[in-house]
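Contents: one structure, followed by commentary.
Please treat every number below as a calculation from the coordinates, not as lab data. Predicted, not measured: the structure shown is a model, and the values here were computed from it. Note: ideal-geometry Cβ built from the backbone for every residue, glycine included; neighbour counts use all protein chains shown.
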Amino acid sequence: MPNFGASERGIKELFYEGVTFYYDGEEYAVIECGKPTCRKGEPKTDIYILAEANGQEREFKISFKQTNADFIENKTNAERAELILGENWEDIIIDATMGISDAFYAKPLIYKKSHKRTGAGSITLGWKYELLNKSGGDLSGVVNLSREQVIDVYAGTHLPADKRNASVNGRVIRNSGIANFMLVNEDVFDAQSVIDNIVSIEEYVDMHPTVYFACKALNYRTFEGKYDGNRPLSVFVDWNVVNGKLDGRLVFDAPLITKGDEVADKLLECLEILGIDTTDDIDDNTVTDSSIIIE
């Protein structure tokens, strides 16, 4: 299967100026096609098509997902969470994560050896918050959203202005970043086969009404001295030194406010105090709770 970028470019290239296709019984001719872009992040529309039929122009703003895709929002921050979930977004996330708190507490926080997908030498900083179209493991559940909210998740109706009014082929087009169609099929070979496979965002939501959340770990890799960026955390680990030992307390009540840098800085301070360089220096005698160690 081609990667997403190659598939997306291949689809866009099918809609060159003048190519025709049929939609709702009308023959359309393509006027313009491009990929909407913005200064930071991405709009919801992946492929923008302006076409004309009988003197009337119509926009086909397609959000493209490969058939194996499960991410809806994989870089959720506080701003985006409020836009999607509303003014009570913090309570919604807290209720969701507290609802599976036992699963969080069952997770090891220090990995002296590899475990499942986590490499040896890792110490958990916290967990990112992602929205998916299917369940995403043991730190996952259903997000309680209305139909209108689910539509916005896919369409991006309430995205910031620069993402709604994206740039297409070098000029800003109003609302070009708000998707109105979904394509979940990369096995297309011409413009007509693409159009035959699109469905409106509303239709797609009616077929897939449930949005799931998943919390994915952000780990500090002690052997490399790295972690994957200053990501907002839905639940974070408050690392401290207690009675001369490393102690990690899970915090659920500040979703997406505390980020990776803040937690990593505090962890590194604790490790320095205790003379710990990597997880090789950690054992039952250097932590307050040995159950958090995988060894």
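Going 7 Å from the Cα of His208 in the Cα-to-Cβ direction, what parts of the stretch 145-165 have a backbone nitrogen less than 18 Å from that spot?
Zone members listed by number: 145-157.
If you line up the long axis of helix 4-13 against the longest principal axis of the chain, both from Cα atoms, how many degrees apart are they, to the nearest 10?
Roughly 10 degrees between the two axes.
Between Asp138 and Lys40, how many nm apart are label points set 7 Å from Cα along the C-beta direction?
Those two pseudo-labels are separated by 3.6 nm.
Using a 7 Å offset from the Cα along the Cα-to-Cβ direction at both Tyr22 and Asp102, what is the distance between the two label points in nm, to one decimal?
The modelled label-to-label distance comes out at 5.7 nm.
How high is the relative contact order of the stretch 142-295, given as a whole-number percent (alpha carbon pairs under 8 Å, six or more residues apart)?
16 percent
Of Val172, Tyr204, Tyr154, which is farthest along the charge dipole of the stretch 142-206 in the positive direction, counting Lys and Arg as +1 and Asp and Glu as -1 at C-beta?
Val172
For the stretch 200-295, what D do you get in µm² per second when you plug the Kirkwood radius from alpha-carbon pairs into Stokes-Einstein at 25 °C and 0.890 mPa s?
The calculation lands on 159 µm²/s.
So what's the net charge close to Ser193: Lys and Arg +1, Asp and Glu -1, counting the other residues with Cβ under 13 Å from its Cβ?
Around Ser193, the surrounding residues sum to -4.
Skipping prolines and chain starts, which residues have an amide H placed within reach, meaning under 5 Å, of the one on Ser122, given they are 5 or more residues away or on another chain?
Here the answer is Tyr111, Thr222, since their amide H atoms fall under 5 Å of that of Ser122.
Search the structure for amide H atoms under 5 Å from the amide H of Ser63, placed 1.01 Å from N in the peptide plane, and list their residues when 5 or more places away or on another chain.
Result for Ser63 returns Asp46, Asn180, Phe181, Met182, Leu183.
If packing is taken as the mean number of other Cβ atoms within 10 Å per residue, what is the order of 76-86, 201-211, 121-131, highest first?
121-131, 76-86, 201-211
What is the percent of Cα-Cα separations in the chain that go past 23 Å?
61 percent
Please get the size of the charge dipole for the stretch 109-193, origin at its Cα centre, with Cβ charges of +1 on Lys and Arg and -1 on Asp and Glu, quoted in debye to the nearest 20.
Here the stretch 109-193 has a charge dipole of around 460 debye.
Using only the alpha-carbon atoms, what does the stretch 67-123 span along each of its principal axes? Please give whole angstrom values in decreasing order.
Each principal axis gives a Cα extent; for the stretch 67-123 these are 41, 31, 19 Å.
Given just the C-alpha atoms of the stretch 166-211, how large is their convex hull per residue in cubic angstrom?
112 Å³
May I ask you to evaluate 6.51 cos²θ - 1.76 cosθ + 1.60, the Karplus curve with θ = phi - 60°, for each residue of the stretch 16-25 and list the ³J(HN,Hα) values in order in whole Hz, giving x for glycine and proline?
Residue by residue, the stretch 16-25 yields 6, 4, x, 5, 10, 7, 10, 9, 6, x Hz.
Based on Cβ point charges of +1 for Lys and Arg and -1 for Asp and Glu, what charge dipole magnitude is obtained for the stretch 174-222 about its Cα centre, in debye rounded to the nearest 20?
About 560 debye.
Provide the per-residue ³J(HN,Hα) series for the stretch 86-97, in order, calculated from phi with Karplus coefficients 6.51, -1.76, 1.60 and θ = phi - 60°, each as a whole number of Hz, with x at glycine and proline positions.
Karplus values, whole Hz, x for Gly and Pro: x, 5, 9, 4, 5, 5, 4, 5, 4, 4, 5, 6.
Anything over 32 Å Cα to Cα? Flag those among Lys134/Lys259; Lys61/Lys107; Lys107/Lys226; Lys75/Lys107, in the order listed.
As for pairs spanning more than 32 Å Cα to Cα, those are Lys61/Lys107.
Using only DSSP helix segments of four residues or longer, with each worth -39500 (n - 2.57), what per-residue ellipticity at 222 nm results for the chain after dividing by its residue count and rounding to 500?
Roughly -7000 deg cm²/dmol at 222 nm, from the helical runs in the chain.
If I take all pairs of Cα atoms in the stretch 137-198, what percentage of them are more than 17 Å from each other?
Everything past 17 Å amounts to 61 percent.
To the nearest 20 Debye, how big is the dipole of the chain about its Cα centre, given +1 on the beta carbon of each Lys and Arg and -1 on that of each Asp and Glu?
Rounded to the nearest 20 debye, it is 460 debye.
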